[in-house]
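Okay, so here's the structure we're looking at.
The values are calculated or read from the model by the stated rules, or taken from the named source; none is laboratory data. Bear in mind that the values here come from a model prediction, so they are computed numbers and not experimental data. Cβ coordinates were reconstructed from backbone atoms using ideal geometry, including for glycine residues, and neighbour counts include every protein chain displayed.
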Amino acid sequence: MNLEKVCVDLKTRSYNILIGQNLLNQIGLFCRSILPSQKGVLIGDSNTTALYKEDCLISLLKENFHVSSWQFQAGEKSKNLTILGRLYDFLAEEKLDRKSFLIALGGGVVGDIVGLAAATYLRGIPFIQVPTTLLAQVDSSVGGKTAIDLPSGKNLVGAFYQPNLVLCDVNLLKTLPRRELICGLAEVVKYGIILDRDFFDFLETHIEGILALETSLLTTVVKRCCELKASVTAADETETGKRAILNFGHTIAHAIEVVSGYGKYTHGEAVAIGSLIACKLSETLMGFPPAETERIEKFFIKIGLPVSLVSTEIRSVDSLVLAMQNDKKTLAGIPRFVLVQHIGEAKFGCQVPESLLRKSIEEFIR
Ligand SMILES: NC(=O)c1ccc[n+]([C@@H]2O[C@H](COP(=O)([O-])OP(=O)(O)OC[C@H]3O[C@@H](n4cnc5c(N)ncnc54)[C@H](O)[C@@H]3O)[C@@H](O)[C@H]2O)c1
Ligand SMILES: [Zn+2]
């Protein structure tokens, strides 16, 4: 078995990310040595529960874990206080104690809600992440951020809380809808652009195999992304500095998502367009070579990501700029950007003149 491991070094709260294939049906074995109790609750959404709950429970039962299960309707709309409240009620009914554990079986939505429940129930209980989307395996399950949405905005209530283990079984990606896979790839390419030129080259060379879900390639890709995210977040656990680099393309992406109404563009699609606009800004402000912007654009097209905005879907450049000024990450209404010097090296906290921002966005509207 090809089992890869990334250690996230956070002193007393360090944990491992295991990456490979056929890991889900051995989850009991992996949990055996790291959990202080035999009692827990497995939580998934309606899709991941239907697909993977049984395998998970059978493996846990083999190791004498007593695990009950709970699920909610799939989708971002469920990442709210009502569902979190129902989950707390279930945990109370099940009489979980402070050593009992939670398992999050799903994409970022499940990971975020279950992580927040684990962070807060009885002031914190152990939890395990089993990310089932590419986005969750390379991004949301690593770094310790948990959250729910409020009607007034995404991820407004949350906590920093680390899991005891993350289990990335790349085989689970085989049932993922194509659009979700492609969405995750936008984040994968982001790591190459901001942190690792060799990784970007590797992705370009192997993209056909990655899109065909070759397990050894997926294992390599997920592992490298986890290493990169873990190293950045371990150095800056609560996002006061370098971690901001991971927001490359995201200031613009969030504005695109807000203005177009969530759902028109997936998060990854918005990130792809946001990344290209950030590259354009970098050409003027950081000397980023235009040929590199073209290279990234061609690569996104090959992956199946959009590289421009449809004018009817984003109202106006004004509305995008306004959304950026209202973003919760904005300092005093002035959006900050992550820009790139060249592929593999980025700088955070950059200010961009509004006129340049407008001009660069306009270039991407078709
Ligand atoms: N905590 C963080 O650091 C962090 C980082 C990035 C994103 N996020 C959050 O993650 C969420 C997005 O995560 P996501 O893209 O994984 O979305 P998601 O969890 O909604 O999953 C997408 C869809 O795929 C389905 N699905 C999941 N795994 C599947 C599988 N293996 N086979 C078939 N279908 C499957 C889900 O049921 C859902 O319908 C957002 O809420 C975002 O805010 C959090
Ligand atoms: Zn993202």
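A few points about this structure:
- Here the condition is being at pLDDT 95 or above, assigned by TED's automatic domain parsing to the domain that holds LYS328, of a type outside the set (Phe, Trp, Tyr) and within 12 Å of ligand 2 (Cβ to nearest atom); of GLU214, GLU269, it holds for GLU269 alone.
- Search result, residues across segment 333-348 that are on the phi > 0 side of the Ramachandran plot and either surrounded by 14 or more Cβ atoms within 10 Å (Cβ to Cβ) or in a helix (DSSP H, G or I) (or both): GLY344
- Subset of segment 254-287 (residues that are in a loop (DSSP other than H, G, I, E, B) and surrounded by 23 or more Cβ atoms within 10 Å (Cβ to Cβ)): TYR265
- LYS79 meets the conditions (1) surrounded by 15 or more Cβ atoms within 10 Å (Cβ to Cβ); (2) away from ligand 1 (no atom under 15 Å from the Cβ); (3) of a type in the set (D, E, K, R) in every case but one. The failed one is (2).
- Within segment 349-366, considering residues that are in a helix (DSSP H, G or I) and of a type outside the set (Ser, Thr, Tyr), the one surrounded by the most Cβ atoms within 10 Å (Cβ to Cβ): ILE361
- Residue within segment 65-75 that is outside any strand (DSSP E or B), assigned by TED's automatic domain parsing to the domain that holds ASN16 and touching a residue at least 40 places away in the same chain (Cβ under 8 Å) present: no
- Checking ILE58, ILE113, ILE83 one by one, the residue that is assigned to a helix (DSSP H, G or I), assigned by TED's automatic domain parsing to the domain that holds GLY153, out of contact with any strand residue (DSSP E or B) (no Cβ under 8 Å at 6 or more places or on another chain) and not polar (S, T, N, Q) is ILE58 and no other.
- Here GLU187 fulfils each of the conditions (1) within 16 Å of ligand 1 (Cβ to nearest atom); (2) farther than 18 Å from ALA253 by Cβ; (3) assigned by TED's automatic domain parsing to the domain that holds ILE245 apart from (2).
- Near pairs, Cβ below 7 angstrom, 6+ apart or cross-chain, from segment 303-332 (part of a loop (DSSP other than H, G, I, E, B)) to any residue that is modelled with pLDDT under 90 and among the basic types (Lys, Arg): SER308/ARG366; VAL310/ARG366
- Filter result for SER308 (more than 24 Å from the chain's Cα centre (by Cα) and surrounded by fewer than 16 Cβ atoms within 10 Å (Cβ to Cβ)): no
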